[in-house]
Amino acid sequence: MKNEIEIKFKIDKPQRVRDLLKEKGGLFIGKAFERTIRFDTPNKDLEKAGKFLRIKTGFANTITLKERVANSNYKERREMETT
């Protein structure tokens, strides 16, 4: 089990970011369409408990359970994941 902290940035010039990554030795490994299927009970019991259960397809197929971490200043979740 690990904790995940999610931070999002608005990027106004995505091509500039790609160019900088390439300059620093980053390699493009290909595109993938990701599909996320979220599961919960009809009463949204998981969501009410601060949990998120999903199956994600794309580069790999994964099942993930995320749980909100109390008293965090960030969007932090405890995460269990398997392929």
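The values are calculated or read from the model by the stated rules, or taken from the named source; none is laboratory data. Because the structure is a prediction, the values reported are computed rather than measured. Quick reminder, even Gly has a Cβ in these numbers, built from the backbone with ideal geometry, and neighbours come from all protein chains shown. To get the accessible areas, we keep the full protein, side chains included, count just its heavy atoms, and leave off ligands, DNA and RNA. Shrake-Rupley method; radii C 1.70, N 1.55, O 1.52, S 1.80 Å.
Taking a Cβ cut-off of under 11 Å around Asp40, the surrounding Lys, Arg, Asp and Glu residues balance to a net charge of +3, with basic ones at +1 and acidic ones at -1.
Taking the protein heavy atoms of the chain in the context of the full set of protein chains, the accessible area attributed to carbon and sulfur is 53 percent at 1.4 Å.
Overall dimensions of segment 29-69, expressed as equivalent-ellipsoid semi-axes from the Cα gyration tensor (√(5λ), whole Å, largest first), are 25, 11, 7. Protection proxy ranking for 58-64, 4-10, using the average of other Cβ atoms within 10 Å per residue and placing the highest first: 58-64, 4-10. Note on the chain: helix-only mean residue ellipticity at 222 nm, from DSSP H runs of 4+ residues weighted -39500 (n - 2.57) and normalised by residue number, equals -4000 deg cm²/dmol. If you wrap the tightest convex hull around every Cα atom of the chain and split its volume per residue, you get 151 Å³. Take the chain with all the other protein chains still there, run a 1.4 Å probe, and you get 90 Å² of accessible area per residue.
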